Amino acid sequence: SNRNLSRGIMWGSIGVGETIAEKFRAAKAAGFDGVEVYSHLSREEVQEAAKETGLAIPSVCGSLHGKYPLSHPDPAVRAQGLDALKTTIEDAAAYKAGTILLVPGRVSKEVSYDECWNRSVEEIRKVVPLAEKLKVEIAIENVWNNFLLSPLEAARYVDQFGSRFVKFYFDCGNILFLGWPEQWIKILGSRIAKVHVKEYSTKLADTQGKRAGFNVKLTEGDVDWPAVLKALDLIGYNGWM
């Protein structure tokens, strides 16, 4: 195949180094091609570390969408979330990163599914012009937020914005309690901006609790990696992992 995937590491996964420079050096030494940094870091330090190591910054993960969800009942909290989202997009533009990772909201006993949908869409719409202007994709991620629970719905959520700068950030491990990653990949197709490589064991989850499913080494869980790679080839994905 003409597969041409680049290997990146997410900021939160770099378990060594204190400073931004040290973390970049560690990622470089470990053989990665790029680093997905968190938003709201010192831009100058990030740019210096990238320059020193020669590592790319393919994406920026919003660091405040958990604290200020766009689905929050309080408009003031949503405003803080929107502000954080703008900064995340601007960070990405400063680093020449093509994508940001956004968790759009969280469904709970207090926040109904349709409220999460409507509020998050209303806020994201406000920054689509900025994303288009700066050429940064807003990629919606599937985390355990009780939201966008099927691939058809995830596709519909992305499509309603009518912009090629709103996409999906696909996580292979997060999806396993809902279904099969290779099916999601085929359905989402060109909507996928970036892919997170993460393992999950449904066996561990069944015996030790849902979160315990992540406590397994890569290739030793239940993600069917050959099927995942076949699906990525099928949709012509040539991006970052």
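The values are calculated or read from the model by the stated rules, or taken from the named source; none is laboratory data. Since the model is a prediction, treat every value here as computed from it, not as a measurement. No Cβ is skipped: glycine too gets one built from the backbone with ideal geometry, and neighbour counts run over all protein chains shown. Side chains included, ligands, DNA and RNA excluded: accessible areas come from the protein's heavy atoms. Shrake-Rupley method; radii C 1.70, N 1.55, O 1.52, S 1.80 Å.
Of note:
- Flag for residue 35 being in contact with a strand residue (DSSP E or B) (Cβ under 8 Å, 6 or more places away or on another chain), farther than 19 Å from residue 241 by Cβ and surrounded by 13 or more Cβ atoms within 10 Å (Cβ to Cβ): no
- Checking each residue in segment 52-88 for being part of a helix (DSSP H, G or I) and closer than 24 Å to residue 109 by Cα picks out 75, 76, 77, 78, 79, 80, 81, 82.
- Residues in segment 207-219 that are of a type in the set (D, E, K, R), surrounded by fewer than 13 Cβ atoms within 10 Å (Cβ to Cβ) and within 17 Å of residue 175 (Cβ to Cβ): 1 in all.
- Scoring residue 206 on the criteria (1) outside any loop (DSSP other than H, G, I, E, B); (2) of a type in the set (D, E, K, R); (3) touching a helix residue (DSSP H, G or I) at 6+ places or on another chain (Cβ under 8 Å) leaves a single failure, condition (3).
- Subset of segment 209-218 (residues that are of a type outside the set (A, V, I, L, M, F, W, C) and either farther than 14 Å from residue 144 by Cβ or in a loop (DSSP other than H, G, I, E, B) (or both)): 209, 215, 217
- Unique residue being surrounded by 15 or more Cβ atoms within 10 Å (Cβ to Cβ), at pLDDT 95 or above and either of a type in the set (Ser, Thr, Tyr) or assigned to a strand (DSSP E or B) (or both) when the list is 140, 185: 140
- Test result for residue 193, aliphatic (A, V, I, L, M), touching a residue at least 40 places away in the same chain (Cβ under 8 Å) and in contact with a strand residue (DSSP E or B) (Cβ under 6 Å, 6 or more places away or on another chain): yes
- Residues in segment 1-18 that are out of contact with any helix residue (DSSP H, G or I) (no Cβ under 6 Å at 6 or more places or on another chain), in a strand (DSSP E or B) and surrounded by 15 or more Cβ atoms within 10 Å (Cβ to Cβ): 2 in all.
- All of (1) open to solvent by 40 Å² or more (accessible area, probe 1.4 Å); (2) closer than 25 Å to residue 80 by Cα hold for residue 161 with one exception: (1).
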